[in-house]
1. Report the residue count in segment B:451-474 for those that are in contact with an Asp or Glu (Cβ under 8 Å, 6 or more places away or on another chain) and aliphatic (A, V, I, L, M).
2. Out of segment C:6-50, which residues are free of Cβ contacts under 8 Å to residues at least 12 places away in the same chain, facing chain A (nearest Cβ under 7 Å) and open to solvent by 50 Å² or more (accessible area, probe 1.4 Å)?
3. Can you find, within segment C:69-112, the residue that is surrounded by the fewest Cβ atoms within 10 Å (Cβ to Cβ) among those that are touching a residue at least 60 places away in the same chain (Cβ under 8 Å) and out of contact with any helix residue (DSSP H, G or I) (no Cβ under 7 Å at 6 or more places or on another chain)?
4. Farther than 30 Å from A:Phe404 by Cβ, under 21 Å from the mean Cα position of the chain (by Cα) and modelled with pLDDT of 95 or more: is that true of A:His126 in this structure?
5. Restricted to segment B:420-435, and to residues that are open to solvent by 20 Å² or more (accessible area, probe 1.4 Å) and assigned to a helix (DSSP H, G or I), which residue is farthest from B:Gln247 (Cα to Cα)?
6. List pairs: first in segment A:254-274 and farther than 11 Å from C:Gly151 by Cα and touching a residue at least 24 places away in the same chain (Cβ under 8 Å), second among the acidic types (Asp, Glu) and surrounded by fewer than 23 Cβ atoms within 10 Å (Cβ to Cβ), Cβ under 7 Å, 6+ apart or cross-chain?
7. Tally up the residues in segment B:214-263 that are closer than 22 Å to B:Cys160 by Cβ and among the charged types (D, E, K, R), please.
8. May I ask you to list the residues in segment A:77-106 that are within 30 Å of C:Gly115 (Cα to Cα) and assigned to a loop (DSSP other than H, G, I, E, B)?
Amino acid sequence: MGFPHSHDLEVGTILSRHFGDPKARELETWLGYGGYEGLKQAIGMEPGEITTVVKDSGLRGRGGAGFPTGLKWTFMPQEKKGPHFLCCNADESEPGAFKDREILRWVPHLLIEGCLIAARAIRAEHVYIYVRGEYFPFTSILNDAVVEAYEAGYIGKNILGSGWDCDLTVHIGAGAYIAGEETGLMSSLTGGRAEPKIKPPFPAQSGVFGMPTTVNNVETLAAVPMIVVNGSDWYRQWGTEKSPGTKLWCCSGHLVRPGNYELELGVPLKDVIYEVCGGVPDGKKVKAVIPGGSSTAMLTADELDVPSTYEGLQEAGSSLGTASPIVLNEDTNIVSAMRRIADFYAHESCGQCVQCREGTSWVAQILKRIEAGDGRLSDLDTLYDLCEQLTGRTICVLADSVVFPLRSSLDKFRNEYEALIGGRA
Amino acid sequence: MNQPASETIRLTIDGVEVTVPRGTTVLKAAERAGIVVPHYCYHPGIPSRPAQCRMCLVEIEGQPKLQPSCVMTAGEGMNVITQSEAAKEARRSVIEFLLLNHPVDCPICDAAGQCMLQDYAYETGQLESRFREAKLVLGRDRIADDILYFADRCILCTRCVRFMRDVAGEESLIVAQRGHKAYIDTFPGKDLDHEFRGNIVDVCPVGALVHEDFLFKARAWDMDTAPSICPGCSNGCNIEIGAKENQIVRLKPRYNADVNAYWMCDYGRKHLVMSNRGARIDLPLVRRNGELEAVHWGEALDWLADSLPSGDGVALISPFESTETIAAVRALLDSVGISGGTYRLERGGEAQLEGFPKLKLRAERAPNAAGAELFGFSETAALPGPMTGGLLLVAGDRLADAPSDFGADAGFFLYIGSHLSDAARNADAILPATTFAEMEGTFINHAGRIQRFQQALVPPGVARPAWMILRRLLAMRGVGQAVLEAKDAFAMAVEEAAELTGLEWAAIGLRGADAKLDGAPAPAAG
Amino acid sequence: MKKVHPAVVGAQPFQVADLRPVDRLFADAEGRDRLEKALSRYPEKKGALLPMLAYAQERNGWVSPEAMEEIAGALELTPAYVRSVATFYTMYAKRPVGRYWIQVCTCISCHVNRGEEVFEKFLEQTGTRAGEVSEDGRYTVIEAECLGACGFATVVQVNDRYFENVTPESVPEVLAQLEQSDSEE
């Protein structure tokens, strides 16, 4: 169920069933709720079998990219030449996203179980959970669960008497959005600056400490135990062919009932905003929605009748991302909002590639000047040009990410820019 | 049926078909095709390739995104277009971004005229700025005793950081902060202090890192350059001398795969600039009536040809002399019946370049001890002792530390050298010789490699190469021929030393050749 | 000495109000214990770097050059390298901060929910300028990027605690809660 509000439209079955129940964190209670059944089953399965179930379920990466999870697992080498690693990406720093923290907070054992099953599937002997540094309250909860699990024999040597050894380490970051990029995460985890690396080599060939590694998002891994227990067909009862299952939404901005909801993929975006979240407070209208976290294109109020699937949002010219809609009401100054978004990317750029290092700051500076009333129409041309210059030319897609909201704000809210510019060429 | 992958692959770059070994990068393949792909962070001597400058992006047919050619492996049948509109625009964009917060202080920047930012800015046509904001100013910092870092000019290619880490083997230079505010720095209080730190200035594509002792000294276009060999030690690093108004203002390494790759040590870099100093001998001087008088060459040599005694004597040369000079001295000594002869050699601490072990600052602090040994001179710690008459021939040794009465007790003291010391003033004849920078010649390094250096400076007054002086003198005494060109003097040396048989001046070229000697002088005991 | 399970040794809260400063991080049993446990979780010593930087912040409230040097020695890294890593991240303070490090999110969801006003209010109430330590050493206030509680804007992190749904009006209450937790000890 959603937190702190719930709604009929929710499917509270997979991830959020025990949200709001502090006892679910305790191993004993959790076992009573059916916890670790998936792991017990997975121990009796071949790694390839586990991968097949997840592949067939159509589960897609929930960290924003939506890459098919089972397929990603198949990239690990068939021939095992050394240690394999699983990294759980709990770096959740995308503006608008606050779902992974809820999983850590309420159902840490579900995540641990998902990690272990995935580790078994990719033949890893060590799981690193990389949590963003700021999440102290939730990390503490996770830590307690990890210790409990170790002491009860769910992690460590000879797990549940199976003869299989797998360790798990919780590792926290220290304030860098770019540590959420998979190669940036691996750089940070291994004692470095969170600087993304070129691919090839891909993580599955050479990841942490040069060893084959798979990086998966928290929400993705949390879905794995029930998929294993109930099967891929069961998971596909929700969602669409290309976007099966449920998604943990994080709704923020100007909403009556912001918060987390677990919904079936495919629910129309407008229903999420107006029905589930109660629309905009004080009777105001929606001006814009950034549907998938800040790295997605803005949609106007009349563009919200779109199914919340990966393919649906893509067709609508945006992206499902992390399903973290930021709803902006009619009083919102779009230029100011865009400026603050650009500030975020400028602040988080790792600095390796010049387009991102200089370009994100330049975008933010231009927007600040326009916001302050000192803009020119030629600035808009420059901004459009920068959208081109920041796309497809860098090691990672942080630069590309600022372009989505920027270009859509220029396309759809040009009038707001022009109003501040006042006709100066 | 399994066929083994072939050793080479074929691809097309800008319409030019080229065959390269499997595993070659697109950038290197382009080089083979005669095409230079602009780049910053890639450097052939630094093993790491972060592909972060984004300057080398090229279009590859069939691939939706531009690819960094410095890391992309060339594939069979690939069609690479380096000059497509997309690739050109990408490069223009990189330059625009680099210039955004750049001070564009070319008028006061040492890199002007030899700056890869300037070069590519002109190439990409990015000559106007549409940046209306205030530029970020980071300032200037001291990175080492003798190296300054201008953070505002830095393009964060990290070549310097990676040189120190990967080649020098010391991770003492790093990127601090992140994003827009990032800059290069050391740990506070720990300036760079590595024997090979000067190379970071060479690898810097722009003027962010500069040698303090070169600061504001010379414009790239004002310098005359010549390929040479560093005389600092017996490693024989290939260098380029940069001179302005007939003064050496800079030394840079010159690439040689077998000796020093792209690098040189700081001792070599700095040591020579010091040698610009000192009082030069620029005219022949002969003693008449107890006083030294300046005379013309003709007069000096005529007189010497007659007066030079035979029989008894000692000779002291210098391991800084060229092979041609050393051979000529030996020929002269032979002609007057003097055998043996010595040279003094300073030694110092060694320092090896971890990433290229052939390059080592060697204990022998002179470039041609091997040449001296080859022609029968032996190392000595002390100056020749008191004499009772006879010939004292000193060629090259500066006698800077010799007592002021040194040589006064010789029967005939002939000094051939570049610098005038108190001791040299006791000579009966002082002949002005050039330093290695003022002539052509060869040195033989510790490994028996013979390498040529070229003239970078104009000698002072009427100073001449010592080999030219001595061969002329010998010819006047009926021994051999006078020669005016170093290659001819070299040919004579080849005839006079069996170990040099087969070596040819032209074949030595600028890369050097193996002289197949028995070995370098033995390291000093203890 | 706080006993920490090796699996979570690199995940301890490192922004805390109650510091336990030390001159040398690894001179006492606790420091050595943390170091040893951290080293055991990674196949290379470098892997223990972020955990040790966090430990320095946890004990001393900031990561000093001396701490960087000591960590470098313990992990066989150069001090310069440790510095390059430490300065990449925002949560390792490079200068001492106040007892309460107040980090106010002003990112997009909080920005449209008066986040900047909350930030200004904190500055006013603590009598500080952004990033500075207050006279009495109690407060440092900075703007932060998305803290991951966007539905409950404005979000404020103070050391290892989250305060959600903060409004400019409720800022004094947040500060009062901090005072209260002080006096409860």
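1. In the first step, residues of segment B:451-474 are kept if they are in contact with an Asp or Glu (Cβ under 8 Å, 6 or more places away or on another chain); the result is B:452-463, B:465-467.
Narrowing further to those that are aliphatic (A, V, I, L, M): B:456-458, B:462-463, B:466.
Looking only at that region, the number is 6.
2. The answer is C:Pro43, C:Glu44.
3. Only one residue fits best here, namely C:Arg99.
4. Numbers: farther than 30 Å from A:Phe404 by Cβ: yes; under 21 Å from the mean Cα position of the chain (by Cα): no; modelled with pLDDT of 95 or more: yes.
No: the conditions fail for A:His126.
5. Step one: list which residues in segment B:420-435 are open to solvent by 20 Å² or more (accessible area, probe 1.4 Å), which gives B:420, B:422, B:425-426, B:428, B:435.
Checking which are assigned to a helix (DSSP H, G or I) leaves us with B:425-426.
Details: B:Arg425: 26, B:Asn426: 29 Å.
Only one residue tops the list, namely B:Asn426.
6. A:Tyr261/A:Glu10; A:Glu262/A:Glu10; A:Leu263/A:Glu10; A:Pro268/A:Asp305; A:Lys270/A:Asp305
7. Qualifying residue count, segment B:214-263: 5.
8. Of all residues in segment A:77-106, those within 30 Å of C:Gly115 (Cα to Cα) come to A:89-106.
Of everything in segment A:77-106, those that are within 30 Å of C:Gly115 (Cα to Cα) and assigned to a loop (DSSP other than H, G, I, E, B) turn out to be A:Asp91, A:Glu92, A:Ser93, A:Glu94, A:Pro95, A:Gly96, A:Ala97, A:Phe98, A:Lys99.
The values are calculated or read from the model by the stated rules, or taken from the named source; none is laboratory data. Keep in mind the model is a prediction, meaning the values are calculated, not measured. Please note: Cβ atoms are built from the backbone with ideal geometry, for glycine as well, and neighbour counts cover all protein chains shown. Remember, those area values only see protein heavy atoms, side chains included, never the ligands or the DNA or RNA. Shrake-Rupley method; radii C 1.70, N 1.55, O 1.52, S 1.80 Å.
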